[in-house]
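Novice: Sending over a structure as structure tokens; questions will come in a sec.
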Amino acid sequence: MGATLRALRALVLIAGFHLLGLVLLCALGAVDWAAYRWAPAGWALKFYVVSFLLAVPVVRGMLLLRTPRDEEVAGIPVTDADEPRLWAAVRELAERVGTRGPDEIRLTADMNAAVTEEARLLGLIGGTRRLYLGLPLVAGLSDAQLRAVLAHELGHYGNSDTRLTGITERCRVHVARTVDRFEEKSGQTIAKERARQERKSAKRVAKGKSAREVDTTGVGFTYRAMARIYTAYGRFCMRATQSGSRRQELAADLGAARIAGRDATASALRALPALDSAHEFYLSSYATLGVEFGMLPPRGEVFGGVRRLLDARAEELAGLREALPDEPASPYDSHPPTAERVAVLEALTDDGRGAEEARPAFGLFTSPEAVLIDVEEATLAPEALLMRRLDWPDLVHEAMTARYVQDAEPVREALGPAAADAEPAALLRDFLDAVDAGTAWDVVGRLPRSDEAAAATGRAAREFARSSLRRELARLTTAVLAADGRARWQLSWSDPASLHLPDGYAAALPAALDAAITDRPDTEPLRKLLAG
């Protein structure tokens, strides 16, 4: 479908939104007329009030024509002087696509690339074009793959996709606004009715009568019914426009393959789901490991450190690239399934460009480390920028140690007020004293338990308690050894962090823990290890 037909379809959908409003207003008017002719005066007045209340959101949605501006994506704009090689590559690709290049390139912290255009007069007049390029995405791509991604995004300019986005978005925004208004009114009506019934029930209780159950069934039904009508139209608009969006993505893929090469474009698409998963895992397991305790990795590594994970898990990521997600396409998806897009590309004739040298995409940047720091400072919250910065090995050790100390809080609470301010070593001694005194089982009984453990009785309950006692002793011992420097958490980019114990401890510690949880506990082996 050409740009003209897509623009016409978008205008028809907007006109349909206003036509729907007129139809509903006419229907409300017809109901009022019927009430005027045949209903008693009291009922007719109620119909008039309800019709007026329902008509307000409809008219308001039809008259609010301005589409709210999108929030500016956090990042840093880079000029030709800042990144000449990147700008040169983008201009070259735009020329080969046959379109005007972006007016601004903004580097972001997202695992994504995107283009926008501030078109005017419903897309008839082009406006400022922006290219958003996520540095974590750049970190996982080769130079050829990045060029393919850029060619794909610039293809949206060439196909007028970005100019027509505003028209399509306007229809969606109008529908969403109207639905939200009706749902808000429904919620307010239910809240008022609930409050009325609660006041009435309170008066009954004050008179010595039984309270009645609050029942708001059916309240706000007319508002919800109107919301459902607009929601149905919104779904129709989504189905009508998103099918076109999927065709635009396939067209942009083919354009990128023509310019950057079939294999580079297909491999970039294969890489995207794997990189997205790796990035999420990196953020949760590495970059934010110490945030809870006020710690962050070195400057530039919050988003740049994902390169270390990608290098260490290259084989694992290669497997993910081969096993593409083949999720079923929804009529509301804006992109076709990745497997479908890759299949279309790999079915193309070999263009002979598959053997090109794989250079890192960051080679297009003058100083990758500098832009990573700049993006970090532009996107992190002010409170995050004030956190302590530690090298990766120290960050992992201190964050894991702090987490183990934090996890011992239930034991501190179970031991009572005397242990409230105890350091981990003193807390462990108190716990071992409770074991020797035979009161440890009472302490364990005050710890959080699973439903299965809480329901257990007899010998089963004793074994659950024994397992809990061993776990808490091991956790506290680990915290103490790590806090005083005898044990150290080791950073690994390919596996979870591991605890390095002093010589002899790895063999002696399990036996010492086992001795402390028997029916006749012996805490001496564990105390000797801690004293050593």
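The values are calculated or read from the model by the stated rules, or taken from the named source; none is laboratory data. Note that the structure is predicted; figures quoted are calculated from it, not measured. Heads up, the Cβs are rebuilt from the backbone with ideal geometry, glycines too, and the neighbour counts pull from every protein chain shown. Calculation scope for accessible area: heavy atoms of the full protein, side chains included, ligands and nucleic acids excluded. Shrake-Rupley method; radii C 1.70, N 1.55, O 1.52, S 1.80 Å.
Novice: Residues to consider are A44, A15, A10, A55; find the one that is at pLDDT below 80, within 38 Å of the chain's Cα centre (by Cα) and open to solvent by less than 40 Å² (accessible area, probe 1.4 Å).
Specialist: A10
Novice: Can you tell me how many residues in region 316-349 are under 18 Å from A256 (Cβ atoms), open to solvent by 50 Å² or more (accessible area, probe 1.4 Å) and modelled with pLDDT under 85?
Specialist: 2
Novice: Let me ask another. Which condition from (1) open to solvent by 20 Å² or more (accessible area, probe 1.4 Å); (2) at pLDDT 85 or above; (3) more than 30 Å from R224 (Cβ to Cβ) is the one that C26 breaks?
Specialist: Every condition holds for C26 apart from (3).
Novice: Step by step: first the residues of region 388-415, then only those that are assigned to a loop (DSSP other than H, G, I, E, B) and touching a helix residue (DSSP H, G or I) at 6+ places or on another chain (Cβ under 7 Å), then the one that is modelled with the lowest pLDDT. Which residue is that?
Specialist: So the residue we want is A408.
Novice: Taking region 437-465 on its own, how many of its residues are open to solvent by 40 Å² or more (accessible area, probe 1.4 Å) and over 19 Å from G416 (Cα atoms)?
Specialist: Looking only at that region, the number is 12.
Novice: Scanning region 420-436 for residues that are charged (D, E, K, R) and under 43 Å from the mean Cα position of the chain (by Cα), which turns out least open to solvent (accessible area, probe 1.4 Å)?
Specialist: Among those residues, the one meeting the criterion is D430.
Novice: Which members of region 124-140 meet the condition of being open to solvent by 10 Å² or more (accessible area, probe 1.4 Å) and under 27 Å from the mean Cα position of the chain (by Cα)?
Specialist: R129, R130, Y132, A139, G140
Novice: I would also like to ask the following. Among the residues that make up region 239-252, is at least one of them among the small types (G, A, S), under 31 Å from the mean Cα position of the chain (by Cα) and under 30 Å from E369 (Cβ atoms)?
Specialist: No, that holds for no residue.
Novice: Let me ask something else about it. Does region 191-206 contain at least one residue that is exposed (fewer than 13 other Cβ atoms within 10 Å of the Cβ), among the β-branched types (V, I, T) and part of a helix (DSSP H, G or I)?
Specialist: yes
Novice: Out of the helices (runs of 4 or more DSSP H) lying entirely within region 416-532, which hold 3 or more residues that are at pLDDT 85 or above and within 18 Å of Y404 (Cβ to Cβ)?
Specialist: 424-437, 458-483, 505-516, 524-531
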